[in-house]
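Notes to accompany the following structure.
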Amino acid sequence: MKIGIDLGGSHISVGVISEDGKVLTKQEKNILFTEQKNDEIKNLIRDTIISLINAVLRDIKIPIFLIDGIGIGIPGIIENNKIKKCNKFKIYDWDLAKELEDYYDVNVKLENDALCAATAEKKYGNLKDSNKSIFLCLGTGIGSAIGIDNNVITSEMGHMIIKKDEQSLCNCGKNGCFETYCSMKSFKNNVIELLQLNKDIESEEIRTILTHQKDNRIINNYITQYIDNLTIGISNIINILNPTTICIGGGFIYFKEILFQRLLERLECNSYQFDKPKIILAKLENDAGMIGATLI
Ligand SMILES: [Zn+2]
């Protein structure tokens with residue numbers, strides 16, 4: 001068995017994953033970075049990972065030497081098993097794997113988080129039978145991966161510009177990126193602002209509130225605008241890559257009852273140069289990244 005870790009933009013999940021991709025136990029912790037300096041952010045990430053690994057090992061009552069390896073999905077660019085660029089945390093050229101290997105004496109591998117999730121969906125989930133697929137991870141940002149036959153490669157579709165808008169500065173330094181309009185962070189922040197909710201509110205609570213606000217005109221207008229923007233991004237992806245399947249995962253899954261049917265209906269009205277692909281949700285939901293991190 002291995003340990004799979006999903007380093008999200010707002011939380012870290014750590015799980016013990018069996019040989020056949022089952023989550024035997026998992027622990028999660030929210031992380032919030034505001035004013036910390038670069039070294040403090042790195043220390044907080046590393047220390048949180050270590051405390052969660054120790055917690056799952058206690059849960060399952062096994063020592064670390066019985067673990068065959070640790071895999072970590074990172075929201076950024078990985079090169080030579082190091083974090084080359086992670087704009088979300090403003091981390092560049094960090095050898096996190098070596099720091100954890102020194103601590104645990106277990107092999108540690110890093111890979112892009114969307115690639116991990118897509119790999120898990122390909123092996124155990126809803127992309128098993130697809131030979132040309134796109135995985136879109138709508139979470140704190142938008143991660144993406146392209147699957148062709150048995151190969152999965154990473155891409156950065158979240159930074160495709162969908163609008164020329166001076167008001168929407170992305171953490172990559174550009175304006176108008178897909179993820180500044182369509183990430184779940186953007187969705188939640190807009191809902192919080194429109195409904196004047198508490199900034200620290202959890203996704204589950206926002207979902208409950210939205211479920212009871214079906215007739216709220218302001219919210220409905222915003223959701224229409226959100227779906228329109230998501231449709232622009234997905235249409236561009238279809239016209240550029242002609243996939244047979246687009247699989248959506250990440251925090252979007254929490255809001256599937258509110259957003260998914262509306263997205264399907266909106267996409268149906270759009271015109272494409274190619275046949276419209278199947279649009280599906282990730283089967284492994286938010287565990288895909290953690291499970292996939294053990295497959296790299
Ligand atoms: Zn960007």
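The values are calculated or read from the model by the stated rules, or taken from the named source; none is laboratory data. Quick caveat, the model's predicted, so the values are computed rather than measured. Cβ coordinates were reconstructed from backbone atoms using ideal geometry, including for glycine residues, and neighbour counts include every protein chain displayed. Side chains included, ligands, DNA and RNA excluded: accessible areas come from the protein's heavy atoms. Shrake-Rupley method; radii C 1.70, N 1.55, O 1.52, S 1.80 Å.
Of all lysines in the structure, those lying under 18 Å Cα to Cα from K128, and not within fewer than 8 positions of it along the same chain, are K22, K278, K283.
Its convex hull of Cα atoms gives the stretch 155-294 a direction-averaged projected area, equal to a quarter of the hull surface, of 9.6 nm². Applying the criteria of a DSSP loop state and at most 13 other Cβ atoms within 10 Å to the chymotrypsin sites (Phe, Trp or Tyr not before Pro) of the stretch 207-296 yields Y272, F274.
Take every DSSP beta bridge whose two residues both sit in the stretch 128-282, then give the antiparallel share in percent to the nearest 5. Roughly 60 percent of the DSSP beta bridges within the stretch 128-282 come out antiparallel. Split the chain at each of the GluC sites (Glu not before Pro) in a DSSP loop with at most 13 other beta carbon atoms within 10 Å, and the longest piece is 36-165.
If you count the DSSP beta bridges with both ends in the chain, what percent of them are antiparallel, to the nearest 5? Don't skip to the answer; put the middle values down first.
Values: 33 of 51 bridges.
The answer is about 65 percent antiparallel.
Can you give the helix-only mean residue ellipticity at 222 nm for the chain, where every DSSP H stretch with n ≥ 4 adds -39500 (n - 2.57) and the sum goes over all residues, rounded to the nearest 500 deg cm²/dmol?
Details: 9 runs with 114 residues, N = 296.
After summing the helix terms and dividing by residue count, I get -12000 deg cm²/dmol.
Test of the criteria: in the stretch 88-139, which trypsin sites (Lys or Arg not before Pro) are in a DSSP loop and have at most 11 other Cβ atoms within 10 angstrom of their Cβ?
Values: sites: K88, K90, K98, K109, K122, K123, K128, K132; in loops: K90, K128.
Filter output for the stretch 88-139: K128.
Only the Cβ atoms of Lys and Arg (+1) and of Asp and Glu (-1) were treated as charged; on that basis the dipole of the stretch 118-198 about its Cα centre amounts to roughly 120 debye.
Looking at the chain, the accessible area is 49 square angstrom per residue; that uses a 1.4 Å probe and ignores ligands, DNA and RNA. Excluding same-chain neighbours fewer than eight residues apart, the lysines reachable from K85 by a Cα-Cα span under 26 Å are K2, K29, K37, K42, K98, K109, K122, K163, K164, K174, K185, K188.
Working from the Cα coordinates of the chain, the gyration tensor eigenvalues give, after taking √(5λ), semi-axes of 31, 22, 19 Å in decreasing order.
Loop-resident trypsin sites (Lys or Arg not before Pro) (DSSP state other than H, G, I, E or B) in the stretch 212-296 with no more than 11 further Cβ atoms inside 10 Å of their Cβ: K214.
What a 1.4 Å probe finds exposed on the chain is 47% carbon and sulfur by accessible area, rounded to a whole percent. Protein-only accessible surface at a 1.4 angstrom probe places the residues K61, K37 in the order K61, K37, largest first.
Using alpha-carbon positions, what is the distance between the centroids of the stretch 29-51 and the stretch 228-286, in Å? Each part reduced to its Cα centre gives a spacing of 33 Å.
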